[in-house]
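Read through the structure below, which is laid out as structure tokens, and then see the notes.
The values are calculated or read from the model by the stated rules, or taken from the named source; none is laboratory data. All values reported here derive from a predicted model rather than from experimental measurement. With ideal geometry, Cβ positions are generated from the backbone for all residues, glycine too; neighbour counts draw on all protein chains shown. These accessible areas exclude ligands, DNA and RNA; they are computed on the full protein's heavy atoms, side chains included. Shrake-Rupley method; radii C 1.70, N 1.55, O 1.52, S 1.80 Å.
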Amino acid sequence: DAKTTQPPSMDCAEGRAANLPCNHSTISGNEYVYWYRQIHSQGPQYIIHGLKNNETNEMASLIITEDRKSSTLILPHATLRDTAVYYCIVIWGDNDMRFGAGTRLTVKP
Amino acid sequence: EAGVTQFPSHSVIEKGQTVTLRCDPISGHDNLYWYRRVMGKEIKFLLHFVKESKQDESGMPNNRFLAERTGGTYSTLKVQPAELEDSGVYFCASSQSSYNEQFFGPGTRLTVL
């Protein structure tokens, strides 16, 4: 039971922003939102995480709605190498990560 | 800093044989996790070590799977005897604490014929 809902697939043009949505309407107050991605058959790669404030790092930005029931991962300038499956996961403390099906993002030239 | 490493990268065995997968976490990471993805399905949690102790092994599919982490450093995952449905990619991850992000290894692709 992944506790999150993501669209199965999305396309994005190279150089444009990729906005990946995630619904987590049952999130509890102390659960964080994590994003990982898996490029082809490599191991999942950590991208970013947040609790309630928006976060930004060198890879992406994370926008969390005020009610925390949904979030959006933003890749500001998508490249072909960003083609991957993106996983949105909610987790608290030492609970174990539950991956869902994720969103398959295809960046097109 | 070296990342999480896994060995072997690929393993092909016959049904009924035994296979042992190894994971070396990032140095200093007390938390070590095993996951697997079987064909066409999602990545599933298997178990979680804190140092040498099993914190949570609720995801282990059955008693043919045995994970160890003697000394709290590297971990092994043994499958004995292997069945066809065990084929998939086995990932290991580590984190400094259970509240930090997990860093994944490249995975071991296991094929049981």
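Using only the heavy atoms of the protein chains and a 1.4 Å probe, how would A:ASP82, B:ASP86, B:ASP24, A:ASP67 rank by accessible area, largest first?
A:ASP67, B:ASP24, A:ASP82, B:ASP86
Distance in nm between label sites at A:LYS108 and B:LYS54, each 7 Å beyond Cα in the beta-carbon direction?
That separation, rounded to one decimal, is 4.8 nm.
Which whole-number percentage describes the relative contact order of chain B, with Cα contacts under 8 Å and a sequence gap of 6 or more?
37
Might you work out the accessible area of A:TYR36 for me, using a 1.4 Å probe with all protein chains in place, and round it to the nearest 10 Å²?
Surface open to solvent at A:TYR36 totals about 0 Å².
Can you list the HN-Hα couplings for segment B:55-72, worked out from phi with the Karplus curve (6.51, -1.76, 1.60; θ = phi - 60°), rounded to whole Hz and with x for Gly and Pro?
Running phi through 6.51 cos²θ - 1.76 cosθ + 1.60 with θ = phi - 60° gives 7, 7, 10, 5, x, 5, x, 6, 7, 7, 9, 9, 10, 9, 8, 5, x, x Hz.
Quick check: pseudo-label points 7 Å beyond the Cα along Cα→Cβ at B:ARG64 and A:ARG81, how many nm apart are they?
4.0
Relative contact order, percent, of segment B:19-83 when contacts are C-alpha pairs under 8 Å separated by at least 6 residues? Don't skip to the end; give the middle numbers.
On the way: 114 pairs, mean separation 22.4, N = 65.
Dividing the mean separation by the residue count of segment B:19-83 yields 34 percent.
Just to make sure I understand: if all protein chains stay in place, what is the order of A:TRP92, A:TRP35 by accessible area at 1.4 Å, largest first?
Ranked list, largest accessible area first: A:TRP92, A:TRP35.
Might you list the cysteines of chain A that have no disulfide-compatible partner by the rule of another cysteine's Cβ under 4.7 Å?
A:CYS12
Provide the per-residue ³J(HN,Hα) series for segment A:58-64, in order, calculated from phi with Karplus coefficients 6.51, -1.76, 1.60 and θ = phi - 60°, each as a whole number of Hz, with x at glycine and proline positions.
Running phi through 6.51 cos²θ - 1.76 cosθ + 1.60 with θ = phi - 60° gives 5, 9, 6, 10, 10, 10, 10 Hz.
Note down the net charge around B:THR20, summing +1 for each Lys or Arg and -1 for each Asp or Glu among other residues with Cβ under 11 Å from its Cβ.
+1
Residues with amide H under 5 Å of B:GLN55's amide H, sequence separation 5 or more or different chain, H placed in the peptide plane at 1.01 Å from N; which?
Counting only residues 5 or more places away or on other chains, the set is B:HIS48, B:PHE49, B:VAL50.
For A:PHE99, what residues show an amide H to amide H distance below 5 Å, using hydrogens built from the backbone and excluding near sequence neighbours?
Excluding prolines and chain starts, which carry no amide H, the hits are B:PHE45.
Ignoring ligands, DNA and RNA, how do B:HIS29, A:HIS77 rank by accessible area with a 1.4 Å probe, largest first?
Result, largest first: A:HIS77, B:HIS29.
Over the Cα atoms of the protein assembly as shown, Rg to Rh with Kirkwood Rh, two decimal places?
Radius of gyration over Kirkwood radius for the protein assembly as shown works out to 0.98.
Can you compute 3J(HN,Hα) from phi for each residue in segment B:38-49, using the Karplus curve 6.51 cos²θ - 1.76 cosθ + 1.60 with θ = phi - 60°, rounded to whole Hz and x for Gly and Pro?
Running phi through 6.51 cos²θ - 1.76 cosθ + 1.60 with θ = phi - 60° gives 8, 3, x, 10, 7, 5, 10, 5, 10, 7, 9, 9 Hz.
Using modelled backbone amide H atoms (1.01 Å from N, in-plane), which distant-in-sequence or interchain residues come within less than 5 Å of A:THR79's amide H?
HN-HN under 5 Å from A:THR79: A:GLY15.
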